[in-house]
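Undergrad: After the structure tokens below, expect a handful of questions from me.
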Amino acid sequence: MRKVIFYSMLILAMLFTVWIFWAGSGRDITPLTYTGTIAVHEFGIDSGKGNVIGIQPYVYPQDYSSEETFAAAMDVYLQAAAAQDWLHEKTIVVFPEFIGTWLVLMGEKKSVFEANTVDGGMAVMAVSNLFSMLPLLMNSKAEDKAADALFRMKASRMAEVYHNTFSAIAKKYNVTVVAGSIVLPETTVENHQLKVSGNQLFNLSILYHPDGSPDPRVIKKAFPIADELPFICKAEPDKIPVFETSAGTVGVLICADSWFPEAYQNLKQQQAQVAIVPSYVVGNGSFKTPWPGYSGFDNAADVNLEDIGSITILDAWVKYALPTRASQAQIPNGMIVFLNGKLWDIGADSHIVLLQNGEFIVLEPDADASVVNLWL
């Protein structure tokens, strides 16, 4: 019996040693930053009121392998805008939804980045961080405990790099930055740094002022879609903040929030002049497919149910999101930017939708990555 116990413990020790070696190896990642064409588009003329620049990047998982790689990948698009002489103290730069979320990949194994599917990559990530994840899995109250544990495990470092990157961009170019969105636990701003706490995750965004300081009012997504609800908490739509900037009063609605009239209430009350919508639509070519209706929540009361399944997703974005909702809230200008890239097998579709003096413009993509300037 003693021999059985001895050999069992020996085998376990050997397996644990192999796991330690495997989990710690293969973390030297070669960057795969976008090197294709960055299309630049300009709408309107400089009247001195300011401008909104939408950054629609093309990202790879490898862009998120380290802080340095991520910062360099983001700065490329500011360089493109600077080359057009578009950046000044009255400029608002907008990044898309989830641009910071994939910072969860930092420091992970090469096989995570090179997996064929997102599920395969996340599985490797979970196994290689098994002992860090286990306590978080055990106390998770989310429906999707694995996703919840992964993001909470990396939250502090993700927040640090997200902050460092977008704060540096704002200060370097002397512009206001709406830093897309990132999945983090409850986040506050303390001593000009981001602090995360708590066990609930939110899809949130931070606005950075031209001096690089983060605004203390955190933007949280109020209407997570069905794919997010298993691990993302809802925020209160009447607490969506409005910001005073050198380019006017600005409200930020994260993706699906722009479909709900309730999300515009605070913007309308504070007479926002610009509505900004960082977004992400999953699936290549999705905009041309039939619209399935609202995701995760009931359709808004004014939705024509005959549109479901009969108009395209792009048509629905125009009819039921920013172009129509902002006009109803008497907001004359706005922009929607979408994340694009090769993120395993997820896919993405990327148009840019603009609202200029009450008139909407849909910009079809002519390159994988775009920088679009809207003069106010």
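Undergrad: Does the stretch 147-157 include one or more residues that are over 21 Å from residue 234 (Cα atoms), without any contact (Cβ under 8 Å) to a residue 12 or more places away in the chain and either of a type outside the set (Lys, Arg) or surrounded by fewer than 20 Cβ atoms within 10 Å (Cβ to Cβ) (or both)?
TA: no
Undergrad: Residues being part of a loop (DSSP other than H, G, I, E, B), in contact (Cβ under 8 Å) with a residue 60 or more places away in the chain and either of a type in the set (S, T, N, Q) or under 20 Å from residue 257 (Cα atoms) (or both): count how many of those fall in the stretch 329-352.
TA: Of the residues in that region, 6 qualify.
Undergrad: Looking at the stretch 105-123, can you tell me whether even one residue there is closer than 30 Å to residue 258 by Cα and crowded, with 22+ Cβ neighbours inside 10 Å?
TA: Yes, that holds for at least one residue.
Undergrad: While we're here: Which residue pairs have Cβ atoms under 7 Å apart, sit 6 or more places apart or on different chains, and have a first residue in the stretch 354-369 that is under 13 Å from residue 275 (Cβ atoms) and a second that is modelled with pLDDT of 85 or more and β-branched (Val, Ile, Thr)?
TA: 354/361; 360/318; 360/353
Undergrad: Taking the residues in the stretch 275-297 that are closer than 20 Å to residue 98 by Cα, in contact with a helix residue (DSSP H, G or I) (Cβ under 6 Å, 6 or more places away or on another chain) and not β-branched (Val, Ile, Thr) as candidates, determine which candidate is surrounded by the fewest Cβ atoms within 10 Å (Cβ to Cβ).
TA: Among those residues, the one meeting the criterion is 286.
Undergrad: Consider residue 85 against the criteria (1) open to solvent by less than 60 Å² (accessible area, probe 1.4 Å); (2) at pLDDT 85 or above; (3) at positive phi: it satisfies all of them except one. Which criterion is unmet?
TA: Among (1) open to solvent by less than 60 Å² (accessible area, probe 1.4 Å); (2) at pLDDT 85 or above; (3) at positive phi, residue 85 violates only (1).
Undergrad: Are any of the residues in the stretch 171-186 within 19 Å of the chain's Cα centre (by Cα), touching a residue at least 12 places away in the same chain (Cβ under 8 Å), assigned to a loop (DSSP other than H, G, I, E, B) and surrounded by fewer than 20 Cβ atoms within 10 Å (Cβ to Cβ)?
TA: no
Undergrad: Another question, then. Return the residues of the stretch 275-297 that are part of a strand (DSSP E or B) and either touching a residue at least 60 places away in the same chain (Cβ under 8 Å) or among the basic types (Lys, Arg) (or both); say none if nothing qualifies.
TA: 275, 276, 277, 278, 279, 281, 282
Undergrad: If you take just the helices (runs of 4 or more DSSP H) that sit entirely in the stretch 70-158, which of them hold at least 3 residues that are more than 21 Å from the chain's Cα centre (by Cα) and among the small types (Gly, Ala, Ser)?
TA: Details: elements: 110-113, 118-128, 130-139.
Per the criteria, 118-128.
Undergrad: On to the next question. Being in a loop (DSSP other than H, G, I, E, B) and β-branched (Val, Ile, Thr) is the filter; apply it to the stretch 200-231 and report the residue that is most open to solvent (accessible area, probe 1.4 Å).
TA: 225
Undergrad: So which of 272, 235, 256, 300 is open to solvent by less than 70 Å² (accessible area, probe 1.4 Å), aliphatic (A, V, I, L, M) and part of a helix (DSSP H, G or I)?
TA: When all the criteria are applied, what remains is 256.
The values are calculated or read from the model by the stated rules, or taken from the named source; none is laboratory data. Since the structure is predicted, the reported quantities are computational estimates derived from the model, not experimental observations. Glycine gets a Cβ as well: all are built from the backbone with ideal geometry, and neighbour counts include every protein chain shown. Just the protein is used for accessible areas: all its heavy atoms, side chains included, with ligands, DNA and RNA removed. Shrake-Rupley method; radii C 1.70, N 1.55, O 1.52, S 1.80 Å.
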